Amino acid sequence: MTRYAAIIPGIILCLGVALAAVLINSIMPVDLLGIALVSLILGMLLNPVISRQQVFHRGVDWTSKLILRAGIILTGISLSFAQVVQAGKYALLLMVFTLSTAFGVGILCRKIFKIDWKLSSLLSVSTAICGGTAVATVGPVIEAKEKEIAYALSATFVFDLLTVILFPWVGKLLGMSDTGFGLWVGTSVNDTSSVIAAGYAFSDAAGALATIVKLTRTLFIVPIVLIFAWIHAKKKVAGGEVGEMAKIRVRDIFPWFILGFLFMVGVRSTGLLSAGAVATTGNLAKFLLAAALGAIGMKTSFQEVAGVGIKPMIAGVIIDSSVVVVALFAQAAILRLIP
């Protein structure tokens with residue numbers, strides 16, 4: 001009982017920060033930030049105070065790890081395998097181009113700007129998969145620092161803010177169809193809330209398709225996490241941090257919470273849950289992720305994030321812009337070639 005009592009103050013604090021984020025986000029005219037980013041910012045604002053209060057530390061650490069994983073698992077309820085099929089041949093083929101671009105350009109930027117591989121990977125995975133959720137998922141798997149996670153989330157927000165404003169205007173200027181615009185936004189915009197905002201600003205049909213495509217991208221988080229877990233383990237072996245035998249002990253590097261994510265996708269796919277149950281579970285997942293990101297924020301100062309430098313931000317812009325351009329031309333080519 002004493003062990004659990006030590007983590008309760010920190011957990012309550014993180015849940016309180018998440019609740020405050022929900023309230024702040026609800027009074028905004030447009031859902032541009034999302035409760036996860038608001039919670040992260042609130043946590044960082046509290047860092048100077050919380051860092052001196054030992055009573056909160058264990059609970060904040062617990063929230064940033066275990067509650068984070070619980071939120072990721074429950075996020076699986078937002079996607080069904082039927083939606084992947086519904087996204088169809090257009091979206092899945094287009095994702096081959098965007099995923100290749102995000103990680104390929106990310107590697108180039110890492111070499112050109114001399115960026116740490118963990119931070120460049122977070123910038124790439126944010127663009128390639130699903131914004132903040134992907135960053136929050138992959139970050140702990142590769143043991144990224146809190147400041148690197150916060151930096152990647154901030155870079156994601158800056159770019160998404162621009163896309164929500166510019167994409168509908170660009171789509172109409174180019175005379176894009178609802179299908180073309182939905183595919184473009186669904187594969188190149190990072191955060192779900194930004195995809196929805198930009199998609200429906202163009203048309204209801206484009207918004208619906210963009211949302212489905214975006215959710216389909218989320219499923220790719222499973223192989224990506226497995227790949228990065230393996231890469232991280234190999235780098236630790238090469239760096240002498242662990243013994244040679246570690247590279248063959250899959251059970252030690254396997255992110256078991258991903259199985260929980262797939263289980264929730266399977267539950268959603270059965271169709272047994274009501275729309276209300278799915279919505280409630282999805283909202284709970286967002287709340288838990290917000291609490292976890294608030295905890296990460298409390299462990300990170302603005303000075304630490306600023307100390308990362310301008311080069312990773314430039315790299316993030318280059319990665320995002322490359323995916324936007326590739327997705328724009330690829331969707332046009334795919335729609336012409338595939339009847």
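Rule-based calculations on the coordinates, nothing more; no lab input. Treat the numbers as computed from the prediction; the structure is a model and nothing was measured. A quick note on method: Cβ atoms are made from the backbone with ideal geometry, for glycine too, and the neighbour counts reach across all protein chains shown.
List 23, 209 from most exposed to least, where exposure is judged by having the fewest other Cβ atoms within 10 Å. Before the final figure, lay out the partial values.
On the way: 23 10, 209 25.
Ordered from fewest to most neighbouring Cβ atoms within 10 Å, 23, 209 come out as 23, 209.
Taking square-rooted eigenvalues a ≥ b ≥ c of the alpha carbon gyration tensor, is the range 109-229 rounded, prolate or oblate, where a/c under 1.5 means rounded and, failing that, a/b exceeding b/c means prolate?
Working: a/c = 2.52, a/b = 1.87, b/c = 1.35.
In terms of gyration-tensor shape, prolate.
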key: Cleavage-rule hits, GluC sites (Glu not before Pro), the range 115-223, DSSP coil, Cβ neighbours within 10 Å at most 14   = 143
query = For the charge dipole of the chain, defined by +1 on Lys and Arg C-beta atoms and -1 on Asp and Glu C-beta atoms about the Cα centroid, which residue among 233, 12, 219 has the Cα displaced farthest towards the positive pole?
reply = 233
Net dipole in debye of the chain [+1 Lys, Arg Cβ; -1 Asp, Glu Cβ; about Cα centre; nearest 20] = 720
ask   = Which lysines have a Cα lying under 20 Å from the Cα of residue 214, excluding residues fewer than 8 positions away in the same chain?
value = 89, 286
note = Summing -39500 (n - 2.57) over every DSSP H run of at least 4 in the chain, dividing by its residue total and rounding to the nearest 500, the 222 nm mean residue ellipticity is -25500 deg cm²/dmol
message = Based only on other Cβ atoms within 10 Å, what is the fewest-to-most ordering of 64, 274?
response = 274, 64
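What does the charge add up to near residue 218, with Lys and Arg as +1, Asp and Glu as -1, over the other residues with Cβ less than 15 Å from its Cβ?
Working: positive: 214, 217, 268, 286; negative: 191.
The answer is +3.
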Charge-dipole axis of the range 2-337 as Lys and Arg at +1 and Asp and Glu at -1 on Cβ define it, positive-most pick from 82, 197, 125 = 125
key: Three-way shape call for the range 2-337 based on the alpha-carbon gyration tensor, with the a/c threshold at 1.5   = rounded
request  = Arrange the following residues from fewest to most other Cβ atoms within 10 Å of their Cβ: 60, 141.
outcome  = 141, 60
remark   = the chain: longest segment with zero exposed trypsin sites (Lys or Arg not before Pro), where exposed means DSSP loop plus at most 12 other C-beta atoms within 10 Å, is residues 115-248
